[in-house]
1. With chain B treated as a Gaussian network of Cα nodes joined by springs under 10 Å, which of B:93, B:279, B:145 yields the largest mean-square fluctuation?
2. So who's got an amide H within less than 5 Å of the one on residue A:228, skipping anything under 5 residues away but keeping other chains? H placed 1.01 Å off N, in plane.
3. In debye, nearest 20: dipole of chain B around its Cα centre with unit charges on the Cβ of K, R (+) and D, E (-)?
4. Provide a list, ordered by number, of residues in region A:95-109 showing at least 40 Å² less accessible area with every protein chain present than when their chain is taken on its own, using a 1.4 Å probe.
5. Heads up, I need the accessible area for residue B:195: 1.4 angstrom probe, whole protein in place, Å², nearest 10.
6. Run the numbers on region B:37-364 and let me know its relative contact order in percent, using alpha-carbon pairs under 8 Å that are six or more apart.
7. Can you list the HN-Hα couplings for region A:136-144, worked out from phi with the Karplus curve (6.51, -1.76, 1.60; θ = phi - 60°), rounded to whole Hz and with x for Gly and Pro?
8. As a check on your grasp of the helix formula, calculate [θ] at 222 nm for chain B: sum -39500 (n - 2.57) over DSSP H runs of n ≥ 4, divide by the residue count, round to the nearest 500.
Amino acid sequence: MATNAPLIEVRNLVKHFGSVIALSGVSLSVHRGEVMCLLGDNGAGKSTLIKTLAGVHKPTSGDFLVEGRPVSFQSPRDALDAGIATVYQDLAMIPLMSVTRNFFMGREPVKGAWPFRRVDFAYCDAVTREEMHKIGIDVRDPHQAVGTLSGGERQCVAIARAVYFGAKVLILDEPTSALGVAQTSMVLKYIHQVRQKGLGVIFITHNVRHAYAVGDRFTILNRGKTLGTYAKTEIAIDELQNLMAGGKELQAVSEELGGMV
Amino acid sequence: MVDITQPVNAAPVGRPAQDERLKETSLLTRLMRRPELGALAGLVLVTLFFLATADASMFTLAGLMNILAPASQLGILAIAAALLMIGGEFDLSIGSMIAFAGLVFGSFVVLTEWPLLLAIAATFVVAGLIGGLNGQIVIRTKLPSFIVTLAFLFILRGLALVGLKWATGGSTQLRGVGGEAGEGWVREIFSGNAFEGLFAWLAANDLIDKFPTGLPTVTGIPVSIVWFVLFALVATWVLLRTRAGNWIFAAGGDPNAARNSGVPVDRVKTALFMLTACSAALVAVLTVLDAGSTDARRGFQKEFEAIIAAVIGGSLLTGGYGSAIGAFFGAIIFGMVSIGLTYTRFDADWFQVFLGAMLLLAVLFNNFIRRKVTGER
Ligand SMILES: Nc1ncnc2c1ncn2[C@@H]1O[C@H](COP(=O)(O)OP(=O)(O)OP(=O)(O)O)[C@@H](O)[C@H]1O
Ligand SMILES: [Mg+2]
């Protein structure tokens, strides 16, 4: 196994949904200890791309390599087994189930020998509390249904879960869209920490300042194609913002609103 | 801008055990969160009603066995139906599956003259395969399971009829299963009474009613009741304590979210369809061995009764929420009302009215509970 191969690499990835062409030839790579920001307009194909990496969609064509080896995930379970954990834009939480059951869904730790093998719920509760506390949310009661949590609290459960289970790569699809100031900075700190542990991170956001704060490289997606990949040293924050908008000139709007965009 | 060079604060360890934003959860609130609460309350109400109106003989040991024997056959189906409903699907074919599995079982015993154990095992395999087929069709076509299994309701009932006529040369009843099955430990697991020694001992020591000859009036517990109780216990444990249980709740709550989180949703659903079919096969084996014959009407409309018992037991029609022990209580309520009315001076045909009212109440109650649990969203 080549140790300097990227954790994840895709080349010329194409994804069609029937007649809809969501991705038409996207290339991207993430290395160890690197935060790759995936940027682009609404509908650019960011979520479709990361869902393909997470095993939800199968690519129509193109190469997908994990640590240099070609893979073909049949389900998100395969991706999780390969150490790729994802926070989806829609969070993938089940409202009727408790925080703990959601946290460990699909990855339940078990104890006991086979016919009596059971989930270690005491341990699960403790971990859930602990991990949620680290992210800055005090869970009132880990048995409370996720449906009763606020939108931001729910997002925090999804992030804490992915960070806890992500062994190699952490994918975050707009993880801070509903978060308060404190939780947002906590998530950015998390991303930084995860990078220091040597994981690769793919971070999707519409907030250029968040992207610039933690990103090492930036890949811009536009209408299902990569516009380009830039290292942080190559690009200034203003340029990045213009590229994110799909090249649309933001200057005029910005001036109209008194330079606040 | 956020200072990202600072490490994340270590979590302070000594935190208050109780959050100040949490009201002291009363026992009642905690009970309200359990889906089987409604069924338990219903059982208490129904019991009180019959204590007040029914002949005292209903609540003797013999009377209870009278109620529990049919309740147990329905209950085995209802528990499986509840698990499937929690997993987000329906199986309307279980009633017909009883007739079909009865035919398969009867044929293996009478026509091919296989040993009982082999015949039973083969019946379960056939039922499991058909259940798996149901599941695969539902998963691959993404059609509602309601419609797919409705098709199998007719297909299996028709096959049972045609098959019986073919096997018997024109009759819709296959006789002689009881005789061909023979005796032995396999037979004892699937028919007759359990704990006969215990009951004889209890009678000898004047602990239960006995005839003047010294024999107990109730010679044991029908094995179907033992199967029913064991199944309820195992299903409850699996649902609440195991990985498979968490997957069942997840698959029914939101199959997409579950799949994206790594739950093998398709495998879970297929297994549940196989389980409901096998529960029907178990009821077929139990009832055919008891009756000694099988006929094409066996299990008629049992699919609806099983779903009603599951709903009374607190399972949501929309999936993701429910209880196996609730279905257990639901089936007992069902048996108590259907048999209990014969102990009263009411016309036994009130049963259907009672049942419909019960179902309506249960659905309203479940809906209310669901909104409570999910925070009225
Ligand atoms: N399952 C699907 N079936 C058909 N079309 C789809 C499907 N999923 C995505 N698309 C289409 O693919 C395109 C890209 O969608 P995607 O969700 O990847 O955008 P995005 O970059 O994540 O946008 P946003 O910033 O709004 O989240 C959209 O035009 C969308 O309509
Ligand atoms: Mg998106």
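The values are calculated or read from the model by the stated rules, or taken from the named source; none is laboratory data. Predicted, not measured: the structure shown is a model, and the values here were computed from it. When we count neighbours, we look across all protein chains shown, and the Cβ atoms used for this are built from the backbone with ideal geometry, even at glycine. Ligands, DNA and RNA are stripped out before the accessible areas are found, and what is left, the full protein with its side chains, is counted by its heavy atoms. Shrake-Rupley method; radii C 1.70, N 1.55, O 1.52, S 1.80 Å.
1. Greatest mean-square fluctuation among the candidates belongs to B:145.
2. Close amide H contacts, sequence-distant or interchain: A:220.
3. The calculated dipole for chain B is roughly 1020 debye.
4. A:96, A:97, A:101, A:105, A:108
5. 110
6. With pairs under 8 Å counted, the relative contact order is 37 percent.
7. With the stated coefficients, region A:136-144 comes to x, 10, 8, 6, 4, 7, x, 8, 6 Hz.
8. -22000 deg cm²/dmol
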